[in-house]
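To start, the structure under review is shown below, and the notes come after it.
Only the coordinates and a few stated rules stand behind these numbers; no lab work does. All values derive from a computational prediction rather than experimental measurement. Here Cβ is always computed from backbone atoms with ideal geometry, including for glycine, and neighbour counts include all displayed protein chains.
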Amino acid sequence: EAAVTQSPRNKVAVTGGKVTLSCNQTNNHNNMYWYRQDTGHGLRLIHYSYGAGSTEKGDIPDGYKASRPSQENFSLILELATPSQTSVYFCASGDAGGARAETLYFGSGTRLTVL
Amino acid sequence: GDQVEQSPSALSLHEGTGSALRCNFTTTMRAVQWFRKNSRGSLINLFYLASGTKENGRLKSAFDSKERYSTLHIRDAQLEDSGTYFCAARTGNYKYVFGAGTRLKVIA
């Protein structure tokens, strides 16, 4: 079973502060994703990566940066947190790209509150 | 952009009964994945389908890319099935679009 670990599990930040959400996967998956989930919305893609050193913008990248320093780690960075970024954030990894089947494996989520 | 319409948004079932969740897609999708968000907030993989149907215990899912829909059938619902169910459609090599979720409550 794929293991995706997010930290912290919960975070309270102040407006204008810097927040870093971390994600680690131990299954050597190439693809990693950051989503946020808000009531009434499905998970929305913020940034993704298809390997170490790569980051790509998703559907709602504004206000977020991402970093993929290694195959295992993918971070989401809020340089200047705002209350609108209060949400639950999910990291996922995927085991294939291209035409091959891919299953997403999710972390347990990080609940971020920006005051 | 690519859209996923998931229905119903909420559902109550008595134990032992069943129902179906559905996701309609505005474009042809490459595959679909179904998840359940449990009481701890974790997203649990249920199915990944590139075509056809899959069954696992009391759950069965179907995906028809040509007709642009996927379904998740739950039979003999149990209390532990309660949670929010999401479908996610794979639109490209690295992109999934999620439905808004179905909140399922199973009642004793």
Query - Residue among B:17, B:28, B:84 with the largest mean-square fluctuation in a Gaussian network model of chain B, springs linking Cα atoms under 10 Å - result: B:17
Query raised in the report: For residue A:57, what charge total do you get from the other residues with a beta carbon under 12 Å from its beta carbon, if Lys and Arg give +1 and Asp and Glu give -1?
Result: -1
Report summary line: One finds the C-alpha centres of the range B:15-77 and the range A:37-71 to be spaced, in Å, by 24 Å
Report summary line: Projected onto the charge dipole of the protein assembly as shown (unit charges on the beta-carbon of Lys, Arg, Asp and Glu, signs +1, +1, -1, -1), the Cα from A:49, A:113, B:13 with the largest positive-side position is that of A:113
Report summary line: Out of B:26, B:71, B:53, a Gaussian network model of chain B with alpha-carbon springs under 10 Å gives the largest mean-square fluctuation to B:26
Report summary line: Hull volume per residue for the protein assembly as shown, using the convex hull of the C-alpha atoms, in Å³ is 113 Å³
Query - For residue A:47, net neighbour charge (Lys/Arg +1, Asp/Glu -1) across residues whose Cβ lies under 14 Å away - result: +2
Query raised in the report: Hey, what does the equivalent ellipsoid look like for chain B, semi-axes from the Cα gyration tensor as sqrt of 5 times each eigenvalue, largest first, whole Å?
Result: 23, 14, 12
Query - Dipole moment magnitude, nearest 20 debye, the range A:4-114 about Cα centre, only Lys, Arg, Asp, Glu C-beta charged - result: 240 debye
Query raised in the report: How many partner chain Cβ atoms sit within 10 Å of a residue's Cβ in peptide B:32-40, on average, as a whole number?
Result: 2
Requested in this report: Taking the Cα centre of chain B as origin, work out the dipole magnitude from +1 charges on Lys and Arg Cβ and -1 charges on Asp and Glu Cβ, in debye rounded to 20.
Outcome: 240 debye
Report summary line: Per GNM of chain A with C-alpha springs under 10 angstrom, the most fluctuating residue out of A:20, A:82, A:39 is A:39
Report task. In nm, give the distance between the simple-model label positions of residue A:3 and residue B:26, each being 7 Å from the Cα along the Cα-to-Cβ direction. Result -> 4.1 nm
Query - Considering only chain B, percent of DSSP beta bridges that pair antiparallel, nearest 5 - result: 90 percent
Query - Cut-off 11 Å, label 7 Å out along Cα→Cβ of residue B:75, residues of the range B:8-30 by amide N - result: B:18-19
Query raised in the report: For residue B:40 and residue B:12 in the same chain, what is the full-extension length gain: residue separation times 0.36 nm, less their Cα-Cα distance, in nm?
Result: 8.1 nm
Query - Computed lengthening from residue B:105 to residue B:5, 0.36 nm per intervening residue step minus Cα-Cα distance - result: 34.0 nm
